[in-house]
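The values are calculated or read from the model by the stated rules, or taken from the named source; none is laboratory data. On a predicted model such as this, the values are computed, not experimentally measured, just so you know. FYI the Cβ positions are ideal-geometry reconstructions off the backbone, even for glycines, and counts take in every protein chain you see.
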Amino acid sequence: MKIPKRLQPLVEDGLVDEVIRPLMSGKEAAVYVVRCGNELRCAKVYKEANKRSFRQAVQYQEGRKVRNTRRARAMEKGSRFGRGQQEEAWHNAEVDALYRLSAAGVRVPTPHGCVDGVLLMELVTDEDGDVAPRLNDVSMSAEQAVEDHAFMMHSIVKMLCAGLVHGDLSEFNVLVDSYGPVIIDLPQAVDATQNNHARAMLERDIGNMTSYYGQFAPELKATRYAREIWALFEDGDLHPDSELTGLFEDDEADADVDGVLEEIKAAFAEEAARLERIRDADSD
C-alpha cells in the first residue's frame, strides 16, 4: 500500500520496513499493521489536536508533571510552541503508561517507542495469528464472563497500585487474545493521586467493565468493586494481590444528597459516553 505521510520518516530511518495495511481509525489515532524486521507490529499515528474528537482532555491532563519549566510555561500560555509540547506530552503519556503497566504485570501491548507522534507497539493477535478482536465483538459463557471480569478487576487494582487510572476503559479498549483480555489505548491515563477526577474515572472504568460482562453474568451487576477498591486505596491497604469481594457497605451517616445527585449526573454522562463509543465503533 502507499506509505502514509506520517509513517514515511519511520520507513526512511529503518524503524519500519513495510506498511502492510490500515487496521483501524478511531477518535484519537489511526492504526496500521507494519513489519519491523521479521515482526508484525502496530503503528499508532496520533491525530492532531484539532482533528481528534476525544473530549474533556483537560480533565485527563490534570496532575501531569512537566519537568522543563520553559515548556510548562509555554503549555500554560497556549502558545504555538506550548501546543506542540502539549501534543508531545499527550503522546508520551501512553508510552510511559505502557512501560509502567507492563512492569507492574498488567497485560498491555509491549511498547517499542514513540517517534514524531507515531507509537510503535506489539500487534496483539489471537491463536490463529490474526489481529485479536475487541472485547465488544466477543461473546462468552456466564462462567467465562465471571472469570474475565475478576481478571479485569485485578488488572485495575494493579494499575492503581502503579499509580494510574485508565480513564477511558470500556469494551472498546480491551482486546482478547488466546490468554485473555489485553488493555489498550492509554494516552488519557491519569495519575491516581494527582488528578481530582481519578476516583470518578475509576468508578466509570469499573462500571463499564461490569456492565459489559454483566450481560453474560447478570449477578456481576450487583457487585461494588469500585467502592471497595477505592476505599482500600485511600486507606493504604490496596496491594497488587489484594483479595477482592465485590462487597462494600456504605457509611450509615446522614445521606449525602449532593453526592447522590452527582452520581446520578455521572450515570447519565456515562450512558451518553457509552452510546457515543458505540457510534464511534460503528463508524470505524
Given the options Val176, Val182, name the one that is under 21 Å from Asp280 (Cβ atoms), in a strand (DSSP E or B) and free of Cβ contacts under 8 Å to residues at least 60 places away in the same chain.
Val176
Please tell me if Ala200 is crowded, with 19+ Cβ neighbours inside 10 Å and assigned to a helix (DSSP H, G or I).
yes
Qualifying positions in segment 91-113 - more than 19 Å from Gly167 (Cβ to Cβ) and touching a helix residue (DSSP H, G or I) at 6+ places or on another chain (Cβ under 8 Å)
Gly105, Thr110, Gly113
Evaluate the following for Glu219: is it assigned to a helix (DSSP H, G or I), at pLDDT 95 or above, surrounded by fewer than 19 Cβ atoms within 10 Å (Cβ to Cβ) and not aliphatic (A, V, I, L, M)?
yes
Name the one entry in Met159, Met140 that is under 17 Å from Ala104 (Cα atoms) and not in a strand (DSSP E or B).
Met159
Please identify the pairs in which a residue from segment 213-226 that is closer than 14 Å to Met152 by Cα and touching a residue at least 60 places away in the same chain (Cβ under 8 Å) has its Cβ atom under 9 Å from the Cβ atom of a residue that is in a helix (DSSP H, G or I) and among the acidic types (Asp, Glu), counting only partners at least 6 apart or on another chain.
Tyr213/Asp148
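Run down Val118, Val174 and say which single residue is farther than 18 Å from Thr210 by Cβ and β-branched (Val, Ile, Thr).
When all the criteria are applied, what remains is Val118.
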Residues that are over 19 Å from the mean Cα position of the chain (by Cα) and within 16 Å of Ala150 (Cβ to Cβ): does segment 263-281 have at least one?
no
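Okay, residues lined up against (1) farther than 28 Å from Leu119 by Cα; (2) of a type in the set (Lys, Arg):
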position: Val174; (1), (2): no, no
position: Gln188; (1), (2): no, no
position: Arg204; (1), (2): no, yes
position: Glu228; (1), (2): yes, no
Quick one: which of Val108, Val176 is crowded, with 16+ Cβ neighbours inside 10 Å, under 13 Å from the mean Cα position of the chain (by Cα) and either closer than 20 Å to Ile206 by Cβ or at pLDDT below 95 (or both)?
Val108
Subset tally (residues that are outside any loop (DSSP other than H, G, I, E, B) and surrounded by fewer than 16 Cβ atoms within 10 Å (Cβ to Cβ)) for segment 222-248
3
